[in-house]
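Below: the structure, in C-alpha cells.
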Amino acid sequence: MSEIAIGKILLLVDGSAAGEAAARFAALVAGRAGASVTAFSVARAGDVKSELQAALAAAAAILGKASVAAETAIVEGHLVAEAATKARGYDLTIFGTSRKRRAGGHRPSFSVWQLAKSIETPVLLVPEEARPRIARLLVCTGGERYIEKGARFVAALARSAGAEVVLLHILPVAPEMYRAWAPRPQPGTTLVEGESRLARQLRAQRGIFEKESVPVTLRIEESDDIERSIFSVCRKVEADVIVVGSSPSRGPLRTSVLGNVTRDVVSRASVPVMIIRSSPKGLLRDLWTILKEG
C-alpha cells in the first residue's frame, strides 16, 4: 500500500487549448489513481463569466467521458492568490502552459511562473502539444535527501499509472586542468554501489520506487549542460513526463524558488513537467552529516 494517496486533483481551467490538454491529462491521472477532480476557474471582478463557464463545462465533459468524479467551481479574484489558496486542499494541481515567443526563445506567461511558485503542493504543467500518456517518467534528482518526500509522491503516481521511472542524476564535468589528477566519474553502477553520501542518497531514492513495486532505472550522466542532458535523456528513453524539484518556500509570501534549470525545462518541454516541492526538515541534519564526513 502506498504511503501517499493521490485522492484529490485541482484542474485550473482558462479556456485555452493548453487547458484542454491539461483536462485530458487530469482525466488520465485521476482515472488511474481513483481520484476526484475539481475543475476551477478564476474570473476578474466584473468580467463576463460565460466563456469560463463554457470551458468548465467542456473540462467536465472530458472528465466525465473518463468516468472521473468531477465538480466545477468559479470564483472572482486574483488568479494566483485564489488558485494558491484553493490548491492547499488538494494533492496535485494541473494546468496548461501556453508558450509565447519572447527574446531568448519561447517562454510561458508570467502567470504560469507565479502559479508554479505559489502553489505549495505538486504541480503538473501541461503544454498544448502533450499527449495524454504516462508510461515513463523521467525524475531529475540532485541526490539530496530532502527531495525524498517528492520522490514518494512520484512513486505513488507511477504505481497507480502502471508506469516506470528513470531516475536521472547529472554529474558535473571536471575542469580540464584537473583531469590529470582528479578521479574520473565512475560508471553509474559502480558509483551507486559505493559508500559516498551521494551513493547512499541515490540508493535510498531508488529504493522508494522499488518499495512501491515501480520499475526504476538509475541513470548517471556527466555534463555541464544540465538542461541539454535532461532533454537528451528524455528523448532517448521516450519519457512522457519530466519531474523536477523546487527549493523550499521562502519568506512570508510562501513562494518557492524555481531555479534556472527548472524554468528552462518548463519553457522548452513538449511533454508535461511536474514540479515537486522539497522538504527542508532534514537539511540541517544533512549539513551536520557532511561536516562529520568531511
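Does residue 82 satisfy the condition of being in a helix (DSSP H, G or I), in contact (Cβ under 8 Å) with a residue 12 or more places away in the chain and under 20 Å from residue 114 (Cβ atoms)?
yes
Regarding region 94-103, can at least one residue be identified that is outside any loop (DSSP other than H, G, I, E, B), out of contact with any Phe, Trp or Tyr (no Cβ under 8 Å at 6 or more places or on another chain) and under 25 Å from residue 162 (Cα atoms)?
yes
Of the residues 267, 213, which is at pLDDT 55 or above, of a type in the set (Ser, Thr, Tyr) and outside any helix (DSSP H, G or I)?
None of the others qualify; the one that does is 213.
Looking at region 160-181, which of its residues are among the small types (Gly, Ala, Ser) and modelled with pLDDT of 80 or more?
160, 161, 162, 163
Right, residue 70: modelled with pLDDT of 95 or more, surrounded by 13 or more Cβ atoms within 10 Å (Cβ to Cβ) and under 16 Å from residue 25 (Cβ atoms) or not?
no
Do we have residue 36 as of a type in the set (Ser, Thr, Tyr) and within 23 Å of the chain's Cα centre (by Cα) here?
Yes, satisfied.
So which residues in region 52-79 are among the small types (Gly, Ala, Ser) and assigned to a strand (DSSP E or B)?
Those that are among the small types (Gly, Ala, Ser) and assigned to a strand (DSSP E or B): 70, 73.
What is the residue count in region 125-159 for residues that are in a helix (DSSP H, G or I), over 14 Å from the mean Cα position of the chain (by Cα) and at pLDDT 90 or above?
1
Which of (1) open to solvent by 40 Å² or more (accessible area, probe 1.4 Å); (2) modelled with pLDDT of 95 or more is the odd one out, the single condition residue 184 does not satisfy?
So the condition that residue 184 fails would be (2).
Which ones in region 119-142 are surrounded by fewer than 20 Cβ atoms within 10 Å (Cβ to Cβ) and either farther than 14 Å from residue 243 by Cα or of a type in the set (S, T, N, Q) (or both)?
120, 121, 128, 129, 131, 132, 133
In region 2-48, how many are without any contact (Cβ under 8 Å) to a residue 40 or more places away in the chain and either open to solvent by 20 Å² or more (accessible area, probe 1.4 Å) or in contact with a Lys or Arg (Cβ under 7 Å, 6 or more places away or on another chain) (or both)?
The total comes to 8.
Can you name the number of the only condition in (1) open to solvent by less than 50 Å² (accessible area, probe 1.4 Å); (2) modelled with pLDDT of 95 or more that residue 111 fails?
Of the numbered conditions (1) open to solvent by less than 50 Å² (accessible area, probe 1.4 Å); (2) modelled with pLDDT of 95 or more, the odd one out for residue 111 is (2).
The values are calculated or read from the model by the stated rules, or taken from the named source; none is laboratory data. In this text, all values refer to a predicted model and were calculated from it rather than measured experimentally. Methodologically, a virtual Cβ is constructed for each residue, glycine included, from the backbone with ideal geometry; neighbour enumeration extends over all protein chains shown. Quick note on the areas: whole protein, heavy atoms, side chains included, nothing else; ligands and nucleic acids left out. Shrake-Rupley method; radii C 1.70, N 1.55, O 1.52, S 1.80 Å.
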